[in-house]
Amino acid sequence: MSATPLPRTEGPGERARGATALDRRDQWTALAGHRARLTGTRPRDLFDADPARADRFTLDVGGLHVDYSKNLLTDETLGLLVDLAEATRVAELRDAMLRGEHINLTEDRAVLHTALRAPRSAVIEVDGHDVVPAVHEVLDRMTEFADGVRSRRWVGHTGLPVRRVVNIGIGGSDLGPAMAYDALRPYTDRGLEFRFVSNVDGADLHEALVDADPATTLFVISSKTFTTIETITNATVARRWLVDGLGAEEAVSRHFVAVSTNTEEVTRFGIDTDHMFGFWDWVGGRYSYDSAIGLSLMIAIGPERFREMLAGFHLMDTHFATAPIERNLPFLLGLIGVWYGGFWGAESHAVLPYAHHMARFPAYLQQLDMESNGKSVQRDGRPVTWETGPIVWGTPGTNGQHAYFQLLHQGTRFVPADLIGFAEPAPDLPEALVPQHDLLMANMFAQGQALAFGKSAEEVAAEGVPAELVPHRTFAGGHPTTTILAERLSPSVLGQLVALYEHKVFVQGAVWNINSFDQWGVQLGKVLAKRVEPALTEGAEVSGLDTSTAALVARYRTLRGR
Ligand code: F6P
């Protein structure tokens, strides 16, 4: 990583963006006043006052139907939020990003994941060089390779075709492909098996290999830097497993491919660069699964479906780049989040997909959102004095309803949530399971209603509930949700959804005046782990260990009999 401090895009525009602290801006003060005036307003009041509210606060973009009417906002709120976006020049930063400027100031890099899904005919320059041809060249090579594996033409060292694909990577080199593989499971080649190994806990790799045959296993080593300790450790053990299993060093070339930006390290590891699929430093790890990092996914769903997914991403990119702020989905969802974090004390944001195949979507969004916007200094290094990114969490409905929804309905926390559902069940669901889909979706709609409107003490009492139980059985309501409904969870819709959240995160980072594209916060723990490891293995003296950590290290060694 380059550590060049605040380089060239800090032109006059950049200074103007952050010149006034966000919470000193007139637009911020206006929102604070407006928030105070809304105290006591219930969703019921908002809907009663405006019978057209549900229609007016709904937007259709591509295949997504997004209803944000159950949020705690009015036309005035939206107007003030748009004013804030204009004052903080979010659209200017967006345009600078899309033009390939180095908006990632602390690493002096462009931020161009949108180029990964641009059509062949597009021209997008980074430092005066059009990157689109290279993007498509890699996509074409991925296509050829994926087709080879899927058609069983690509054979391993012993001449057998691949049966199991093991993606080894972590963070952005794991979460995206793993999430999308699950999401698009009905579109995958069910004759192939996929495993996603990320954890340095050997149990993860063991589970992926315990019933695998080296002769039919293909490893995709995915790492932007190819220096990440978890990935290189697992890949090294996997290499040994393969070579031992097949009894030949040369087997590596038929069973290992790499996805990386670092040719030197890939070569050092022993993977032929003919079997390396590259990407570029202007693709952040958490924005990378539509790059070659998606190779395992492409093998699973096929190049055609992969390209449909890219087209879905591109559709949302185009919308984000062109729609006016007040009808721009990523802007709206981003600004609504700013509203709750800044003025309603929301500390977290729940993402609740009513689709079992979306089980890993919240975990994917955790990295996307929290690694991007978990920052506490502004773009020029001054501390922020406002809240930035929320804690993102969630699991699929209806499971969460029988776990933590109690807190959402009757707890003391304020938790805005996104409910995501699909009109059609998974395309390959057996007939006998199809009727359950209505029950699933009935739950999603019911939860949105219950969270917003609750059930008053009067309503509870009118049902004959004993007076002493009425408070326990009352639902205050007023819990905001945004509902995202699509016809089906197709590759295109998944691309649209991911791009929507990517750009939402961008909008929020721009308003908060933070750099959403670095991740220095993950460094300290990595450095300390390297220092602590010799203390565990060799009992080495580690200077500077605090007494608590030193005692834990000693106890660990005792428990391990060292
Ligand atoms: O540690 C954080 C991080 O750098 C993420 O941003 C990234 O997605 C992940 O590690 C994996 O990095 P790499 O792809 O270089 O192995």
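Compute the helix-to-body angle for 547-559: its Cα long axis versus the longest principal axis of the chain, expressed 0 to 90° and rounded to tens. Compared with the principal axis, the helix lies near 50 degrees. Taking every C-alpha pair closer than 8 Å and separated by at least 6 residues, the mean separation divided by the residue count of the chain gives a relative contact order of 18 percent. Here residue 70 is the anchor, and the lysines within straight C-alpha reach of less than 20 Å, apart from those fewer than 8 places off in the same chain, are 455, 504. Cβ-Cβ distance of residue 229 and residue 458, R₀ of 60 Å, FRET efficiency by 1/(1 + (r/R0)^6): the value works out to about 0.50. Taking every alpha-carbon pair in the range 77-150 and binning the separations at 5 Å intervals from zero gives 3, 14, 17, 16, 14, 12, 10, 6, 4, 2, 1 percent.
Please determine, in degrees from 0 to 90 and to the nearest 10, the orientation of helix 132-150 with respect to the longest principal axis defined by the Cα atoms of the chain, where the helix direction is its Cα long axis. The two axes meet at around 70 degrees.
Scalar couplings 3J(HN,Hα) for the range 413-421, obtained by applying the Karplus form with A = 6.51, B = -1.76, C = 1.60 to θ = phi - 60°, are 8, 9, 10, x, 9, 10, 9, 10, x Hz; x denotes Gly and Pro. Rounded to two decimals, the Cα radius of gyration of the range 184-340 over 2.2 N^0.38 Å is 1.26. Mind running the shape call on the range 313-409? Use the C-alpha gyration tensor, a ≥ b ≥ c as the square roots of the eigenvalues: rounded below 1.5 for a/c, prolate if a/b tops b/c, oblate otherwise. It is oblate, given that a/c is not under 1.5 and a/b is not larger than b/c. Which value in nm describes the separation of the simple spin-label points at residue 144 and residue 476, placed 7 Å from the Cα toward the beta carbon? In this crude spin-label approximation the distance works out to 6.2 nm.
Each of the peptides 553-561, 349-357 was scored by the mean count of other Cβ atoms within 10 Å over its residues; in descending order, highest first, they stand as 349-357, 553-561. Counted by neighbouring Cβ atoms within 10 Å, the residues 530, 455 run from fewest to most as 530, 455. To the nearest ten degrees, helix 26-38 and the longest principal axis of the Cα atoms of the chain are 60 degrees apart. Our note on the geometry: Cα centres of the range 481-536 and the range 416-446, 27 Å apart. When +1 charges are put on Lys and Arg Cβ atoms and -1 charges on Asp and Glu Cβ atoms, the dipole computed for the chain relative to its Cα centre reaches about 800 debye.
With the convex hull of the Cα atoms taken as the outline of the chain, the averaged projected area works out to 30.5 nm². Working note: Cα atoms of the range 427-471, range along each principal axis, descending, whole Å: 50, 20, 13.
Distance from the alpha carbon centroid of the range 92-171 to that of the range 215-260 works out to 21 angstrom. Coupling constants for the range 216-221 follow from the phi torsions by the Karplus curve (6.51 cos²θ - 1.76 cosθ + 1.60, θ = phi - 60°), and in residue order they are 10, 10, 10, 9, 10, 8 Hz; glycine and proline get x. At an R0 of 25 angstrom, the distance between the Cβ atoms of residue 318 and residue 75 translates into a FRET efficiency of 0.40.
Around the Cα centre of the range 477-562, unit charges on the Cβ atoms of Lys, Arg, Asp and Glu (plus for the first two, minus for the last two) sum to a dipole of about 340 debye. Multiplying the residue separation of residue 41 and residue 546 by 0.36 nm and removing their Cα-Cα distance gives an extension gain of 176.8 nm. Normalised by residue number, the volume inside the convex hull of the Cα atoms of the range 32-117 is 136 Å³ per residue. For the range 18-76, the Kirkwood hydrodynamic radius from C-alpha pairs, put into Stokes-Einstein at 20 °C and a viscosity of 1.002 mPa s, yields a diffusion coefficient of 158 µm² per second.
Taking the number of Cβ atoms within 10 Å of each Cβ as an exposure proxy, the fewest-first ranking of 520, 241 is 520, 241.
Only DSSP H runs of four or more residues enter the estimate; each adds -39500 (n - 2.57), and after division by the residues of the chain the mean residue ellipticity at 222 nm equals -13500 deg cm²/dmol. Shown in residue order for the range 462-474 are the 3J(HN,Hα) couplings computed by the Karplus curve 6.51 cos²θ - 1.76 cosθ + 1.60 at θ = phi - 60°: 5, 7, x, 5, x, 3, 5, 9, 4, x, 6, 10, 8 Hz (x for Gly and Pro).
Every read-out reported here was derived from the displayed coordinates using simple, explicitly stated rules and does not represent laboratory data. All figures in this text were calculated on a predicted structure; none of them were measured in a lab. As a convention, Cβ positions derive from the backbone with ideal geometry for all residues, glycine included, and neighbour counts pool all protein chains shown.
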